[in-house]
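Inspection log for the structure reproduced underneath, given as structure tokens.
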Amino acid sequence: MCGVVGVFCRDENLTSRLAFFSLYSLQHRGQESAGIAVFGDYIHIHKGMGLVSEVFDEKKLNEMRGNIAVGHVRYSTTGESRIENAQPLLVKTKSGALAIAHNGNLVNYQSLREELENGGAVFITDSDTEVIAKLISKQLLNGDVVSALKSVSQMLSGSYTLVMAINDTLIGYRDPLGFKPLIVGEGDFGYVIASESCAIDAVGARVLRDVEPGEAVVIREGEMEFVRVERSDRKALCVFEYIYFARPDSIIDGISVYDVRQKIGRILARESPVEADMVSPVPDSGTTSAIGFSKESGIEYLEALIKNRYVGRTFILPNQSVRELSVKIKMNAVKSNVDGKRVVLIDDSIVRGTTSRKIVDMVRNAGAKEVHFRVGSPPIISPCYFGIDMSTREELIASSKSVEEIREEINADSLAYLSLDGLVEAVGMKKEDLCLACLTADYPVDVSEAAGCRRC
Ligand code: SF4
């Protein structure tokens, strides 16, 4: 769970600012650390723990001059939460300094690292991004960055959307299965590459197109070209980008995240109707689906819960103790709305179930007569090894409990999940083009190495 950006800007004084604003709009993709590298007369790199606005200030951005920038916001999946793992990662290669920002997770990280270490390589981080950087750096001895990518792409397994800069070249690359999104925009200033289209909108650029799985976008001396690096028989875009992770105003692979979430709500209302007086989202990620549910069912949309917008999302806070505490301070029930009512709550997913229980209790304690829970995804039964931190199998409530047992555990009057077919219908993409592995346990690549490794 990370966000990446790349900027080519003809005005060297603007580049760092454009990267900053793009990253700022991707803050939802990672709140643990932020970093930007700017390639000018020399390479300026600045990284820090915390939010984009905490890591960068006016003075820092003014100092960072150059025409190319690579930026990253991070939530740790592989690798601990510490500054050494913040990105972009800068490595010196024989062909020049290489800055690399990575969204995703390799599933063969351990064996690749061991192989490199056996060959004498020394690592300064414990992130899989350094493995990718080392492999590219080795392949750069035999050719340019695109041919290096071609060789390295065949060695990597898992999810890896990359934005890189070397010398005068900016490159974006999406792994052959296209697990994570990547999109390109053009503005008067030049080009921007980003995880989501909202980051292109944020700098006043217009969307050109998505980078396709296995494709690279290469920007050199102001000229842009798309290069096919690898082909794959199938795609595996993470369905959770649509369900939860991406911003609703983003468009991913030509499909509006907002539209998908609204359809999820409509389909949920058709599949699992309920007699109720009001429908409310669990804010914020349930909001668009709750609107869809309300439209389809005719039940009034009314907020049962108000979120404190200055608290990070519980799902992506890094450890359990912080998560537990943050539920209490992040939202509160609106007593006057729920008192004496039959309430339908819409959430995007249930991971551990602990948050859902607290929310249901909160609404009950505020006077609700009944609380019905509707979930905008099928049950999460299996862990993700591709970069979404949704805990291990043991912690996933739906991996060991039936829907009825979960209903009891979260203390709801009724509970229903969206069906898998309903989800695929809402996205509007072919099933074979999506990763649905955490919902089906059917992984698009071999994950046995990662599944045996607690560190990954
Ligand atoms: S396993 Fe689930 S969360 Fe992970 S990439 Fe696949 S769909 Fe997304």
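A compact table of results
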{"read-out": "The stretch 256-434, relative contact order [Cα under 8 Å, separation at least 6], %", "value": "22 percent"}
{"read-out": "Distance between modelled label sites at I306 and D11, nm, 7 Å Cα→Cβ extension", "value": "4.1 nm"}
{"read-out": "The stretch 20-126: GluC sites (Glu not before Pro) in DSSP coil with no more than 13 other Cβ atoms inside 10 Å", "value": "E80"}
{"read-out": "Rough spin-label spacing in nm, given labels placed 7 Å along Cα→Cβ, for R220 and I329", "value": "5.1 nm"}
{"read-out": "Shape call, the stretch 26-173: gyration tensor on alpha carbons, a/c limit 1.5", "value": "oblate"}
{"read-out": "Relative contact order, percent, the chain [alpha-carbon distance under 8 Å, six or more residues apart]", "value": "13 percent"}
{"read-out": "Cβ-derived FRET efficiency at R0 25 Å, K431 paired with E271, nearest 0.05", "value": "0.90"}
{"read-out": "Accessible area expressed per residue, the stretch 2-233, with surrounding protein chains retained (probe 1.4 Å, Å²)", "value": "36 Å²"}
{"read-out": "Accessible area (Å², per residue) of the stretch 345-434, counting only protein heavy atoms and a probe of 1.4 Å", "value": "37 Å²"}
{"read-out": "Accessible area of the chain belonging to carbon and sulfur atoms, whole % at 1.4 Å probe", "value": "47 percent"}
{"read-out": "In degrees, nearest ten, helix 320-330 long axis to first principal axis of the chain (Cα)", "value": "60 degrees"}
{"read-out": "Inter-centroid distance (Cα atoms) of the stretch 333-355 relative to the stretch 402-456, Å", "value": "22 Å"}
{"read-out": "Cα-based shape type of the chain, given that a ≥ b ≥ c are square roots of the gyration tensor eigenvalues and the cut on a/c is 1.5", "value": "prolate"}
{"read-out": "Paramagnetic label zone (point 7 Å from Cα along Cα-to-C-beta, K92; backbone N under 17 Å) in the stretch 146-183", "value": "166-167"}
{"read-out": "For the stretch 186-245 versus the stretch 124-160, the gap between their alpha-carbon centres in whole angstrom", "value": "19 Å"}
{"read-out": "For q = 0.14, 0.17 Å⁻¹, Debye-computed log10 I/I(0) when each Cα of the stretch 230-291 counts as one equal scatterer", "value": "-0.47, -0.64"}
{"read-out": "Sparsely packed chymotrypsin sites (Phe, Trp or Tyr not before Pro) within the stretch 33-96, loop by DSSP, other Cβ within 10 Å at most 10", "value": "Y42"}
{"read-out": "Value of relative contact order over the stretch 1-150, rounded to a whole percent, pairs C-alpha under 8 Å and six or more apart", "value": "24 percent"}
{"read-out": "Potential lengthening between D361 and I124 on full extension [0.36 nm per residue; Cα-Cα distance subtracted]", "value": "80.7 nm"}
{"read-out": "Crossing angle, helix 15-25 versus the chain [Cα axis fit, 0-90 degrees, rounded to tens]", "value": "20 degrees"}
{"read-out": "Local net charge near C9, Cβ-Cβ under 11 Å (Lys/Arg +1, Asp/Glu -1)", "value": "0"}
{"read-out": "Acute angle (nearest 10 degrees) that the helix 145-155 long axis makes with the longest principal axis of the chain, alpha-carbon atoms", "value": "50 degrees"}
{"read-out": "Trypsin sites (Lys or Arg not before Pro) restricted to the stretch 331-438 and DSSP loop, no more than 11 other C-beta within 10 Å", "value": "K430"}
{"read-out": "Length added when fully stretched, R206-S111, from 0.36 nm per residue minus Cα-Cα", "value": "30.1 nm"}
{"read-out": "Whole-Hz couplings from phi, Karplus 6.51/-1.76/1.60, listed for the stretch 279-294; x for Gly and Pro", "value": "10, 9, x, 7, x, 8, 5, x, 4, 5, 5, 5, 4, x, 4, 5"}
{"read-out": "Placed amide H near K369: partners under 5 Å, 5+ positions off or other chain", "value": "G340, K341, R342, V343"}
{"read-out": "Length added when fully stretched, A451-E394, from 0.36 nm per residue minus Cα-Cα", "value": "19.3 nm"}
{"read-out": "Point-to-point label distance, D249-D421, nm (Cα→Cβ direction, 7 Å offset)", "value": "3.7 nm"}
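The values are calculated or read from the model by the stated rules, or taken from the named source; none is laboratory data. This one's a predicted model, so the numbers in the text were calculated from it and none came from an experiment. Backbone-built Cβ (ideal geometry, glycine too); neighbour counts: all protein chains shown. Only protein heavy atoms, including side chains, enter the accessible area calculation; ligands, DNA and RNA are left aside. Shrake-Rupley method; radii C 1.70, N 1.55, O 1.52, S 1.80 Å.
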